[in-house]
1. Please list, ordered by residue number, the strands (runs of 3 or more DSSP E) wholly in segment 44-119 having 1 or more residues that are under 13 Å from CYS15 (Cβ atoms).
2. Condition check: in contact (Cβ under 8 Å) with a residue 12 or more places away in the chain, closer than 14 Å to SER14 by Cα and of a type in the set (Ser, Thr, Tyr). Does THR123 satisfy that?
Amino acid sequence: MIGVRFTCQPGCTSCCDLQGFVYLSEEDLVRAAGFLGLDPAEFENRYVYRTRRLIRLRKPAGRQCHFLIDGGCSIHQAKPTQCRLFPFWPELLESARAWERTARRCPGIGKGNLIQIGTAHETASEMKRAYPSMYEE
């Protein structure tokens with residue numbers, strides 16, 4: 001790939017409905033808690049599942065995310081790194097096939113200005129910094 005095109009589409013929440021988990025860095029947790037006016041421990045108690053290596057949002061029954069409401073993300077200004085960077089994730093940029101598969105579900109892929117692949121990879125590197133245990137080699 002030389003470059004990719006992507007721009008979020010107004011009113012779209014397709015990425016929020018993808019199967020999977022929303023992972024958090026410690027910074028994501030603190031930022032979201034503060035946005036909601038909660039102590040980080042209280043936010044974690046209500047919304048977070050923690051393993052030895054990863055932190056992720058719990059899924060509410062029948063939905064992908066507690067914070068997805070009609071019209072979008074209720075914590076948009078403090079949303080997790082994973083959400084903020086979508087679709088610029090290393091695993092999507094490193095595989096044309098994965099990018100194309102995601103494009104079938106994301107109406108913003110293929111739209112907007114051309115983003116040089118180096119710039120896209122630089123953006124994706126933030127995922128590796130935020131979630132190092134997911135990208136250990």
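Just so it is clear, none of the values below were taken in a lab; they were calculated from the coordinates. Predicted, not measured: the structure shown is a model, and the values here were computed from it. Using ideal geometry, Cβ is built from the backbone for each residue, glycine included, and neighbour counts are taken over all protein chains shown.
1. Qualifying strands (runs of 3 or more DSSP E): 109-116.
2. no
Here is a yes/no grid of residues against (1) over 29 Å from ARG5 (Cα atoms); (2) polar (S, T, N, Q); (3) surrounded by 12 or more Cβ atoms within 10 Å (Cβ to Cβ); (4) in contact (Cβ under 8 Å) with a residue 60 or more places away in the chain:
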| residue | (1), (2), (3), (4) |
| --- | --- |
| GLY37 | yes, no, no, no |
| GLU44 | yes, no, yes, no |
| ARG52 | yes, no, no, no |
| ILE55 | yes, no, yes, no |
| ALA61 | yes, no, no, no |
| GLN64 | no, yes, yes, no |
| ILE75 | no, no, yes, no |
| CYS83 | no, no, yes, yes |
